[in-house]
Structures are given as structure tokens and as C-alpha cells.
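Q: Following this message is one structure expressed as C-alpha cells.
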Amino acid sequence: GSDDDADAAGTDDGLTTITLASSPLGHLAPIYLAEDKGIFARHGLKVEVDTETSDLTSVPSVLAGKVDFATGDLTTLIVARTQGLDVKAVVPASASTGKAGADYGALVVAADSGITSPRQLEGKTVAVNILTNIAAAAAREAVRADGGDSESLKLVEIPFPQVPAAISEGRVAGAWVVEPFLSAARAQGAVPIGWGFTDLAEDLTVSAWYTSGALVTRKPEVVTAFRTAIREAYAYAREHEDEVRAKIPTFTQITPEVAARITITGWRDEVSRQAAEKLAGYARRDGLINTTPDLDELILP
Amino acid sequence: MSTDDALLRIVDLGKSYRARERTVDALAQVDLTVDDGEFVAVVGPSGCGKTTLLKIIAGLLPATTGDVYLAGRRVTEPPADLGVVFQEYGRSLFAWKTVRQNVELPLRSQGVGRAERRELVAEALDAVGLGQAADAYPWQLSGGMQQRVAISRAIAYRPRLLLMDEPFSAVDAQTRGDLEDLLARLWHRYAMTVLFVTHDIDEAVYLGQRVVVLGASPAGVIAEFPIDLPAERDQLGTRSSARFGELRAQVYAQVRRTPHLEEVAP
Amino acid sequence: MSTDDALLRIVDLGKSYRARERTVDALAQVDLTVDDGEFVAVVGPSGCGKTTLLKIIAGLLPATTGDVYLAGRRVTEPPADLGVVFQEYGRSLFAWKTVRQNVELPLRSQGVGRAERRELVAEALDAVGLGQAADAYPWQLSGGMQQRVAISRAIAYRPRLLLMDEPFSAVDAQTRGDLEDLLARLWHRYAMTVLFVTHDIDEAVYLGQRVVVLGASPAGVIAEFPIDLPAERDQLGTRSSARFGELRAQVYAQVRRTPHLEEVAP
Amino acid sequence: MTTGSRTSAHTRRPAGPTVRRVLGILGLLLAAIGYEAVTRAVFSPLHVPPLTAIAPRAAELLTEARFWTATGRTLLVAAVGLLIALVAGIVVGFAVGSVPWLLRAASSTLDFLRPVPSIVLIPVLVLVLDVAQITVLLVAVSCFWIVLFQVLYGLRDVDQVAVDTARTIRLGRLGRIVHVTWPSVLPYLGTALRLIVSVALALAITGGLVMGAAGLGELIWSSQESGEFTGMYALVLLTGGVGIALDMAARLAERRLLHWHVATRREVAAR
Amino acid sequence: MKATVVAGLNRGARGVGLALGLPVLLFTAWWVFSADSTSIFLPPLSRIVEAFGQVWFSEVFVRDVLPSLRRLAAGYAAALLVGVGVGYLVGRWSVVRDLTSPILAYFRVLPAPVLIPVLLVAVGIGDATKLIVIAVGAVWPILLNTADGVRAVDEVQLDTAAAYRLRAWTRHGLILRAATPQVFAGARQALGISLIVMVVSEMLMSTDGLGFTVIRFQRTFAIPEMWSGVLLLGLLGFGLAKVFETIERRALRWHRGATGREESW
Ligand SMILES: Nc1ncnc2c1ncn2[C@@H]1O[C@H](COP(=O)(O)OP(=O)(O)OP(=O)(O)O)[C@@H](O)[C@H]1O
Ligand SMILES: Nc1ncnc2c1ncn2[C@@H]1O[C@H](COP(=O)(O)OP(=O)(O)OP(=O)(O)O)[C@@H](O)[C@H]1O
Ligand SMILES: [Mg+2]
Ligand SMILES: [Mg+2]
């Protein structure tokens, strides 16, 4: 938990305490590893992770200064920015692996559906976890990249955990799904046919750590320190994937066996500008926003 | 079962109410036989168990000991052709039904046809002087009027066995007399068997062929008085007759002997 | 208001119940004055408006026309020092309180001390013969017993004005006599003013200093009979006296003249 | 003719406490069998696991400290919210319900506010409250409405003769509430109590599900989010168990407080 | 007599004044205090009202509000049917009650978000699932109130029905009718709950609907629009409550009369 005002406060040992808000998902593994390895301390930071949070609460919490940094998917951040919310994407929290066929998110269909390529999903019902976030764009982009009419998809909201069931019970023709449910779905006979993340961009930022403009103005050094520490953490994670896999079961309910199997998210140092533009385009077409966002305001240089 | 004239045989009946705070033996060793077509008036001190007895006969309350037989069959649930006027007449009326609908209800359940039903209901309501109030709801009526609705419901039904628990307690003297005569006439005409609980000893003697006196709680039958007045009775003649006076005095004396309010001094 | 002896003045009182189905003029032009300390018995046909009258006097029901003055003040809400025994005695008892608690409640709200309260309650319960049933709940009692609880509650309180609506309707003859005498004694001793609705004309004459006869609906006062019997009355002596018989006959004759059940023939 | 020693039961005879419990267990057993059959026949065990798979996992959970911590937290949040709702609902209900003009003045506002889903307002609430507080608020608001409306309806069921009696013995407004309207409303509150006990628990869990508030809901969420369906269903099973326990407590409380009520006395007294 | 008419008119006017007074007061206060709010999440009421006009006075009403109302009506009707039916059984027979009370208590605590996954598998992603979610959310107050209402039916009424050997169905009807005051309490509770559950049910697997739209506004930080949805929900709730009251007023007139509350003058 966090105190009411977690405004990057100093501590006795000369470290600045920062509060990070994120649901306990796989992308936190590098953070916990970095904490173990003393990476944050080396940059003068002490990290408190607040997992009592959700997509519903993190943006207001960050803007109100209740937490310093939080994770949010890029589409959501773009939409927030466009609505005039002063959020700044600092550094990616999770990114595409960049390898089509081996990414941590995919468009899947039932093996016996006869569908083999995204284009065949035209006009069919496809599940995404949330209609207003990056998943919708990923699903559409997979179809578009395959030469299909991405607008013709009938997207419906189904949480990731229910995707394997929805696919195998034939409730939807296809679904956008990420790990660990991608593995689960495949284990239950679903097959991946499209890789929307890599279609969107090689270096796609799926979700990013963001903060408020106010904090950037007031404590730019903390933001910079945080970004540097995270990048260092990612470097470590890239080198020690086995440690990441071992870490995941300690803060999620994912079993070590599953953690050993799944595709781990990619870690990148820069928020992908090119991807952001594409996502903004989809957000506009899907009616989430009706003006073009100023991405320079969003992505912290 | 012996096949004598008895419609109702009550054998060694006993009833105890048990609750955490107190246990009440309401009835003990009640034995009573009522012939078919007989009119029996029951009197007894307040709280002695009259209502309890009636409810057991009606099959609404299980006895603790003993049995009730109606026409030779043990009573375990309300028998057919039973009419009851409850002491709590107000609560026995259905508040969402008009007076007419209340009276009509048992008839409908018996499958009496529409036209006949209407006639029976109108007749029964007129008989108790509520012809005008047929479309009123029970809660728009005075206590005595409500009681008359309950009476009217019971008589419209023309039951074989009619159980009445202080049915005239809330009506004025004049109306009471009229209703007594109405009841007597109906009893004659339709050969009903009537068990009639009352606190009015005059009324018991005036109406009954037999007056049964229950003792104080736990009540048993402590005396029975055959009423040898002529079958045709009328308010003025009968009540002023010498024999009526005698019988009345006999019953009164018997009732007086049973303990009532122990000490009546504030 | 004039400052004569009148405790209660009822002036040109009228009451209509209006509802979609039917409109009933229950009371019309009722004028009545009751002196302080007087015992007035009210009789009238069933449904004429006695209960309505009592409720208006108690400040529980607004009149349509006219006014009620108690000790010179217009009655708009229940006045202090009022005791009421409702016709629906069962509904007026609180099911969640024991008999004792029910009787105790008005005393508590008056701020009577604990010890005195206990004594008053015990006395009042003994007086109506319910000393044994003090810890029972109302729904564990017979109808007559419930009614006696209600009476006991009203008398424990020693109100200045006591309104009773057919208070003895559910008790047996013997108990009724005892309660009548109890009431008479209390009235003497505590100088209460009593308005007593009854259907028993004998009772009205036996108890009242004055008998008020209400006519058929819409009821007005159609006759008043001062009862000039000696102040000390007793069940045997008074009731068998010639004067009692005369008065009784007078009232009866008056009551007979008012229309009752129009046609009593099924 | 035999003079019957003891007539057999010939009207419905309510069961004693033991029989009642046995029947309850029987009901649960039947439901369990039904569930097992349906899951085996209709669903894939991967999607909806059968009870035979869930139960061992549930037993395991019972030995884990984090389950008990989570349960404790959830129950605490539920209890705090429920208490607030109970007090507020009763106070507002009696205030509004026993003053006619107040009821008329407030009812339109109440009707307007009643259907506002707190869940929509979470982003606003998070500005001033933390997640645990929001969950308490969620519980309290939902339960408040239930208590309030039960009180308002209960007040309409008070017998006027009883109220008239209270008025003639000049009980004050407070006395009337204490001695007459409160006991009369109590049966309606008994129903409310059983309703809000489960609503409070359900919403305390929902708080974890949609906001990540620590407790059973968050455990369920993270099991689900990790693809741990058996664990998730085991948690749901145990949650239901907590629900049953709370309901039993509520029923017991009702039986004691309402021993005089028709409903209860028909069951208890008539033997 | 004329005085009565005037008094009646007065009372009518006062009634309207009373009913509108508090809402007007509250809205004015909201308007004034939010007028220069800079918080994105608490926009000025004027902004909300403006958004209200833009959002709901458009085809959105037909596309989103009507389907929601249909689901609401169907779900609520199902809740009524099941709640009263099962509630009657549970209230009437103690064996049924003893047998089912733990299992019902079990299902009562399951929050809608837990239920939805199972329904997704069992029922699919159509309207049926939403309807069931609404019904499941709204059924409990009806069920419990019906059961308790039936349990509390006056003994003398039961005895009367039994003594006259009324037909089984007549008897069931009478008992249920006697329990209506409390059944209505449950139905009224369920009305508010079903509106809320409707929104929750549209959080998932929806492509249209009032709840869907409001949640979408929330997620896309269209805050004034979100508030306008809250406003609309409030108005809907108010409207439905009024309809409900009208029905109830007729159905329970006898009850007001029997408890002495029916107005007479
Ligand atoms: N439900 C009950 N629970 C416990 N005791 C009861 C119950 N009903 C009646 N009793 C007790 O049983 C006894 C007989 O009651 P019953 O109603 O049969 O008397 P009753 O003769 O009809 O009296 P009354 O003339 O006053 O109506 C009384 O002592 C009463 O207290
Ligand atoms: N709540 C009500 N709504 C409509 N009409 C009513 C209401 N209460 C009483 N009445 C009518 O008013 C008239 C007088 O009723 P009231 O109860 O005063 O009579 P009463 O003299 O007490 O009769 P009883 O001796 O039978 O108790 C009756 O015709 C009755 O139908
Ligand atoms: Mg009796
Ligand atoms: Mg009366």
C-alpha cells in the first residue's frame, strides 16, 4: 500500500522513495529484480510497488500525485493525453518481442475452425480484452497487415482468462490474447494466426510507465533517475531471462512450470513513436478520440 | 367406529402449548359426542380452551393426546363441508377482497356456478344486513360489520358442520337477536350440525339443544345440560318462559362454581 | 369555552369516510357534553359510528366538521391522561412485549418509578385475573385474555379520561360481571371520567350514570337516559331492581326503534 | 377404538435444529452432485473445473496464511461497510420514514441517486480516497440503499392500531420508535440483514476484482489473471463457504431478535 | 366543502414543491460549487449538462439506451418470476427452506464478475448472458422478501384458507397476495439493483448499451460525458421508480387501508 501522498519523498538513507502502481503482472519482474540487485538504490531511488491498483484507478492516482509512476497501455495513454490529461510516458513497461511468430501476444483461432490467416476473420466476431486499449488495435492491425478489411471485425470484450474457453467453445471466431493465456489457449488447441504487435511496429511499446507532467516539472531528476534505472533493469533482464522466469511466480499466481514455458515480454528503452502514431490512428477510427493527439506532449524525450 | 348417530366424537382430547416461558395445559381429557344435526352451545370461562377445542375439531391444530372423529374418520386436516367463524373475525377476512368477494371465495372453491354464487352471496349478505356494503373492503367496516361478513361467509357456504367462536360478540343487542334467529332458522332448514361457543349464557340456552360447560384450564367438560325448550323459539316468548329461566339459572350456577378471576380488588 | 363542569364538549361533530368505492357519512351533528367524573355509556347499532366517535375524541382521527373540546381545549392530538381500550384489542397489544411489559409501557412513558410501576402492574394484572400470565406474550393468550390485558393497561395508568370500546366483548359472563364491578370501583375511587361503548344494554344501564343512544348511520345522539339508580350498585341487587328493569326497557325500546338489519330472511 | 396416546403429526411440523442442519447439508450435497455432473457432462474441465478438482485445492488454500489474511481483510472491509450502512440506513430510514413531509421531500432525490453505480465513479473517488476506503464506500453505499428501503417499507407495515395505542399513551416520537415502530420494522430489517451480509461480502470481493484492493477479490483476480482456474474456483468455493457462515449467523440473530414474530414462532414454538 | 377543495389544491401544489424542492436545491448547489472547477474528473455541471445534450439527444439513445432498457426489462421480469416463485416455495415450506438456505446463501455472495466467465462458457456472449446477470443480481431481494413475507402471513388467514378447503391454487394465491407488501419491498429494491447490474453486465462482452457507453466514456476519460451518463441513469431510475410507485399504489391500496394508512378526509 501507499501513503496518501507519495510525492517522491526523501528517506533517511538519502534515497528518494517513489511509488509505482501496477497490477501484479509479468512486466513487474524486471522491477523486482532490479530492486534485488540494488539498481534503484544506485540511482538514489527506493521503490514501493503498489499492486492495489487497476486501469480504473491508476490515471487519476498519478494525476493526483498519489503515486509517482504507473503502467498503462499506450492507447489508453494516448487517449488520456488527447482528453487533456497531463500524462507523460517515461519508458516502456512491456514491449513486443519484435519477432513475428514468437511474440507474447497473438491473434488466435480454434484449430478446427479452418481459419488459417487473419484475413479470413473479416466480418467475424473477435474477442479483445478491452475495447478501448491497444488490444483492439493489435487485432485490427493483424487483419489489415494480412490485406483484410480491419474495420469489418466485430470486436467484443472478453477478459483474457476467458479467451481459451471462448475459443474452444466457439463463442468467438478469433481472439486477441497475451501470455500466459496465449500458452494456455495453444495448449487447448488454439492456434496463433496473426501477430498484431509486430504488425503495428517492430519496436512496439505495448504499455509504458508514465507519470504526471507536474512531477516532470517539479522533480525532473527523479524521473530521469527512474528511467535510467529501469533501462538498466531491462539490460539485466535481457541477460538473465531465467531469473525473470523464476521471479514471476513470486508475485503472481503463475506456477513456475508455466512461467518457464511462456513467452516473456520484450524490454525496450524507448517509447516507440512510430507505433504511437499508428495507435492514435486506430483510436481515432474507433471513435475513442476525435482529434489528433500531440505525441510530443505524451512521450517524454 | 360405531355407527351410531354421532357426527363428531371427541375422545380423551388433551392439548398443551409448550413454549420457553410457559407451558399451558389448555385441554385435558375432553370427551364429547355431537349427533348429526345437533346444535351444541359451549360455554366456559375466558381462557379455558374453547377456541383451542374448536381449532382441533377443525383440523387446524394437532392435539397433544386423544382424537377427534368426524363421521367416523379421524380428523387430521380440515374436513370437507366445514364452516368456521373465527373469534378473530377481523383477521380472518382478506383485506384485498371486497366483502362480496370474501363471502364468495369458499363457494368458488367449491365450484358453485357463477349465477348461483351471486345469488347465494347476495342472500347471505342481506341476511346479516350488509347488502349495502357488498363492495366495501373489510377495513372500511366497523368491527361488528366485519364480524357479520365472517358469519355471512360461513352461512353462504351451507356447511354440514358449522363451528362458531363467539360469533356475535361485536354486534349490538338488537342485531344479535336477529342473527340468533337467523342462525336457528338456517340450522333448521339445512340440517346443519352447529358447535357454538358463546359467553352469553342466555344465548347458549336460547339457541342450543344442549349446553356444554367447560371447566377452568385445563378444561374438560364439567357439565352438560339438555335444553328441553320447544324447537320453535322466539326472542320474546322463549326468553320469558319459565323453563328458560330455570335452565338459564342452572347453567349460570354451574358456571359460577368454576373459578374465575381469583381476586378482583385493585 | 364556558367554564362549567364539562370535561368534554362535542359540538356539531360530523365525520365522512370518502373512498373511491363508497362514501360513508358515519357521524352527523353529534352534540354531547360529558361532565368531569361522569360515567357515560354509549349504545347504538353496529356500524353506526361509535368507534369513529371515540377515535375522534381521542384525537386519533380528524373530524370532517365540528369540534371536540377537552377541558376547554380543542382536541387535535391525543390529550394527556387518556386511557383507551380499543375495539381491536388484539391489534393494540404489542406482540414483541410480554403482558407485563405491555401494561407497564404507559407507566414508563409517564415516568413512574420502577418499584411503583411494578406494583401498579401487578395490581392491574391481578385485577383482571392475569397475574399468572404476566410473562406470556399476547399471542399466547386467548381472545378474552388479550382483551383483559388491554383493559389492565388502561386502568394501571389511572387516566383522567377513559375511553372503552366494547371492552368486555370477549370475556365470559362471570368475568364480565367481575370486570364491570372492578371498573365501577375504580371509577369511584379515582374520579375518572368514563366513556363506555357497549352492545349490552343491561351493562350500559348497570354501569352508566347516563346512557347515550346513537342512531343509525349517519349517527347522531337520538336519546339520552339519565340513570337514577343508587350510586352503589351490585350485580344481583341492582340488576333485579324494578327501576333497573324499567330503565333497561326504556333504552331497549329506544334502540329497537332505530333501523337495524332491514330484512332478516334467507 | 384405540384411545390414541399421542396423535401423530398431522399439520406441518417444523423441523428441530438438528434436522434443519442435516437438511441444509443435504441441500449442499445435492447441489455439489449436480454441479459435478454438469461440469463433467457439459464443460471442459479446463474451463469450469469439477468439484473433485476444486475441493482439494480449496483444502490446500485453507492451510495457507495468505488465504486467511485475505479473508480477514475482506471480512473487515465488508464489516466496516456493513456497519456504516446499517447505522446510516436505519437512522435515515427512520428519520425520513416517520416524518411524512420529509419522505415526500426526499423521495425524488433518493429515487434519483439509487441507480447511480458507484463503480462508474471510481476514477473520481480515487482522487480523495484510497482503494480500501473506496471498497468500504462501495459496500456501504450498496448496503445503505437496501437497509433504507427495507426500513421505509417496514415502516409502512406498522399497524395503525399499534401506533394509535402508542399515541394515546403519549409516547414521544422517540418512544414510539423504540417501542412500536422499531420492533415492527425489525422483520424487514431481518431480511435486510441477510441481504446485506451477502452484498457486503460480494462487493468487498468486487473491490478486489476491479480495483485490485487486497483481499479475497484480489486473490481471485490474480488466480484468474494467471490462468489458475482451479485455484480461482477454489477461492470462489471458500468465499461461498464464508457466505454460508455469515448467513447462518444472520439467521441466528434473526431468530433471537424476532422470537415473537409470526414467522419465527410458527417455526419454533409450535411443537 | 370548498375549503376542502382549496386545501386539496394547496396540498397538490405543496406536494410538487416538496418533491422538486430538494433536487432543485441540490442541483443548484452542484452548479454553483462546480462552476469554476478545474479538476478534470469533477467538471462544472454546465459542462455535464452540455455533454448530456450532445450525447443523449442523438441516435445514441436509440442505439444504446433502448437495448439496455430491453435487457433491463427482461432481466427484471425474470428476477421477479424466479424470485417470487422460489421465494414462495422457500417461505411456505420449512423443508424447502432448510434444504436450500445454505445453497442460496452460497450463491448470494458470488459477485457478478465471477459469474460472467461461467456464463460466457455456458451461455455465450449474446444478450442472454446480460439478461441472466441482471436477473441474478436482482433476484435476491425479491426472493428473500417474498420468502419472509410468506412466512409472516397471519395465522388466522392461513387457518381460514385451510378450514374452507380452498383450492390449492386459490390458497397459494391468497398467501402470496397477503405477502405482497413485502414482495413489493423486494421488487423495489431489485429495481435499483437491476439498473446498476445492467451497467456492470455491459462492462463485458457488450457492443452497445447504456452501461457500455458510460463505461467507455469512463475508460476514454470523456469525463463530462461519463457524468452525463450518471445523470441519465439517475433520471431513468427516477422514472422507473415513479412507474413502480403507480403500480404499487394500486396493488397495495388494501394494505394501506388495512394498516390504517389509507387517507380519508
Ligand atoms: N398459541 C398459543 N401459545 C401458547 N398458549 C396458548 C396459545 N393459544 C392459546 N393458548 C393458551 O391456551 C389456553 C386456552 O386458550 P383458548 O384460546 O383456547 O381459550 P378460550 O377458551 O377460547 O378463551 P376466550 O374465551 O378468552 O377466547 C389459554 O390459557 C391460552 O393462554
Ligand atoms: N377506515 C374506514 N374507511 C371507510 N369507512 C369506514 C372506515 N371506518 C369505519 N367506516 C364506516 O363508518 C361507519 C361507522 O363505523 P364505526 O366503526 O365507527 O362503527 P361502530 O359504531 O363502532 O360499529 P361496531 O359496533 O360494529 O363496532 C361504518 O359504516 C363503517 O363502514
Ligand atoms: Mg377463544
Ligand atoms: Mg366499533
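Q: Which of these, A:F40, A:F251, A:F226, has the largest mean-square fluctuation under a Gaussian network model of chain A (Cα springs below 10 Å)?
A: A:F251
Q: Most mobile of A:A95, A:A280, A:A111 per a Gaussian network model of chain A (Cα springs, under 10 Å)?
A: Looking only at A:A95, A:A280, A:A111, the biggest GNM fluctuation is shown by A:A111.
Q: Across the residues of D:198-211, average count of Cβ atoms on other protein chains within 10 Å?
A: For peptide D:198-211, the averaged partner shielding equals 5.
Q: Using the Karplus curve 6.51 cos²θ - 1.76 cosθ + 1.60 with θ = phi - 60°, work out ³J(HN,Hα) for each residue of region D:40-56 in order, rounded to whole Hz, and write x for Gly and Pro.
A: Working through the residues one at a time gives 5, 7, 9, 9, 7, x, 6, 8, 10, x, x, 4, 4, 8, 6, 4, x Hz.
Q: Shifting gears a bit: B:K55: which lysines have alpha carbons under 25 Å from its alpha carbon, excluding same-chain residues fewer than 8 sequence positions away?
A: Of all the lysines, those that pass the test against B:K55 - Cα under 25 Å, at least 8 places apart if same chain - are B:K15, B:K97.
Q: Give me the accessible area buried between chains C and E, both sides summed, with a 1.4 Å probe, in Å² rounded to the nearest 100.
A: The buried area between C and E, both sides summed, comes to about 700 Å².
Q: Related question: Return the value, in Å² to the nearest 100, of accessible area buried between chains C and B (probe 1.4 Å, both sides summed).
A: Buried area between the two chains comes out at roughly 4200 Å².
Q: Accessible area per residue of chain B at 1.4 Å probe, in Å²?
A: 36 Å²
Q: Tell me, what HN-Hα J-couplings in whole Hz come from the Karplus equation 6.51 cos²θ - 1.76 cosθ + 1.60 at θ = phi - 60° for each residue of region D:186-191, using x for Gly and Pro?
A: The phi angles translate into 3, x, 5, 6, x, 4 Hz.
Q: Please list, ordered by chain and number, the residues whose modelled amide H lies under 5 Å from the amide H of B:D67; skip anything fewer than 5 residues away on the same chain.
A: B:V11, B:L13, D:G4
Q: With the cut-off at 32 Å, report for chain C the share of all Cα pairs above it, as a whole percent.
A: Tail fraction, whole percent: 23.
Q: Quick check on region E:128-265: what are the equivalent-ellipsoid semi-axes from the Cα gyration tensor, as sqrt(5λ), descending, whole Å?
A: After diagonalising the Cα gyration tensor, the semi-axes are 40, 19, 9 Å.
Q: While we're here: Restricting things to alpha carbons, find the Rg to Rh ratio for region C:120-266 using the Kirkwood radius for Rh.
A: Rounded to two decimals, Rg/Rh equals 1.00.
Q: Kindly work out what percent of the DSSP beta bridges joining two residues of the protein assembly as shown are antiparallel, to the nearest 5.
A: For the protein assembly as shown, the DSSP antiparallel bridge percentage is about 55.
Q: Ignoring everything but the protein chains, give the 1.4 Å probe accessible area of B:E246 in square angstrom, nearest 10.
A: 100 Å²
Q: Quick one: give the max-minus-min coordinate of the C-alpha atoms of chain D along each principal axis, largest first, in Å.
A: 77, 67, 32
Q: If region A:166-301 were replaced by its equivalent ellipsoid, with semi-axes equal to the square roots of 5 times the Cα gyration tensor eigenvalues, what would those be, largest first, whole Å?
A: 30, 24, 12
Q: Using only Cα atoms and rounding to the nearest 10 degrees, what angle (0 to 90) does helix C:143-156 make with the longest principal axis of chain C?
A: 80 degrees
Q: Now, a different point. Tilt of helix B:242-257 relative to the longest C-alpha principal axis of chain B, in degrees (0 to 90, nearest 10)?
A: 60 degrees
Q: Rounded to two decimals, what ratio of Rg to Rh does chain A give with C-alpha atoms and a Kirkwood Rh?
A: 0.97
Q: So what is the relative contact order for chain D, in percent, with contacts set as C-alpha pairs under 8 Å and at least six apart?
A: After rounding, I find 26 percent.
Q: Something else now. How do D:H47, E:H172, C:H188 rank by accessible surface area computed with a 1.4 Å probe, from largest to smallest?
A: C:H188, E:H172, D:H47
Q: Mind ranking A:Y32, B:Y157 by accessible surface for me, highest first, 1.4 Å probe?
A: Ranked list, largest accessible area first: A:Y32, B:Y157.
Q: Looking only at Cα atoms, what is the convex hull volume of region E:171-211 per residue, in Å³?
A: Given the Cα convex hull of region E:171-211, per-residue volume reads 78 Å³.
Q: Moving to a separate point now. Counting just the Cα atoms, what span does the protein assembly as shown cover along each of its three principal axes? Round to the nearest Å and put the largest first.
A: 123, 77, 61
Q: Still on this structure: Determine Rg/Rh for region B:42-92; Rg is computed over alpha-carbon atoms and Rh is the Kirkwood hydrodynamic estimate from the same atoms.
A: Taking Rg over the Kirkwood Rh, I get 0.97.
Q: Hey, in the GNM for chain C with a 10 angstrom Cα cutoff, which one of C:G37, C:G237, C:G245 fluctuates hardest?
A: C:G237
Q: By how many degrees, 0 to 90 and rounded to 10, does the Cα axis of helix C:173-190 deviate from the longest principal axis of chain C?
A: 90 degrees
Q: Could you tell me the relative contact order of region C:19-155? Use alpha-carbon pairs under 8 Å, at least six residues apart, and round to a whole percent.
A: Computed over region C:19-155, the figure is 22 percent.
Q: Then there is this: Viscosity 1.002 mPa s, temperature 20 °C: give me the Stokes-Einstein translational D for chain E in µm²/s, with Rh taken as the Kirkwood radius over C-alpha pairs.
A: It diffuses with D of about 100 µm²/s by this estimate.
Q: Enter the accessible area per residue of chain A (Å², integer; probe 1.4 Å; all protein chains in place).
A: Dividing the accessible area of chain A by its residue count gives 35 Å².
Q: Also, quick follow-up: Measuring from the axis that superposes chain B on chain C, report the chain B residue with the minimal C-beta distance, rounded to whole Å.
A: Nearest to the symmetry axis by Cβ: B:S169, 2.
Q: Heavy atoms only, probe 1.4 Å: what % of the accessible area of the protein assembly as shown goes to carbon and sulfur, would you let me know?
A: 56 percent
Q: If you don't mind, there's one more thing I want to ask. Over region A:65-205, what relative contact order in percent results from Cα pairs under 8 Å that are six or more residues apart?
A: So the answer I get is 36 percent.
Q: Tell me, what HN-Hα J-couplings in whole Hz come from the Karplus equation 6.51 cos²θ - 1.76 cosθ + 1.60 at θ = phi - 60° for each residue of region D:133-148, using x for Gly and Pro?
A: Rounded to whole hertz, the list is 5, 4, 4, 4, 4, 4, 4, 4, 5, 4, 5, 4, 4, 5, 4, 4.
The values are calculated or read from the model by the stated rules, or taken from the named source; none is laboratory data. The model shown is predicted, which means the values in this text are computed figures rather than measured ones. All Cβ positions, even for glycine, are placed from backbone atoms using ideal geometry, and neighbour counts span all protein chains on display. Ligands, DNA and RNA are excluded from the accessible area calculation, which covers all protein heavy atoms including side chains. Shrake-Rupley method; radii C 1.70, N 1.55, O 1.52, S 1.80 Å.
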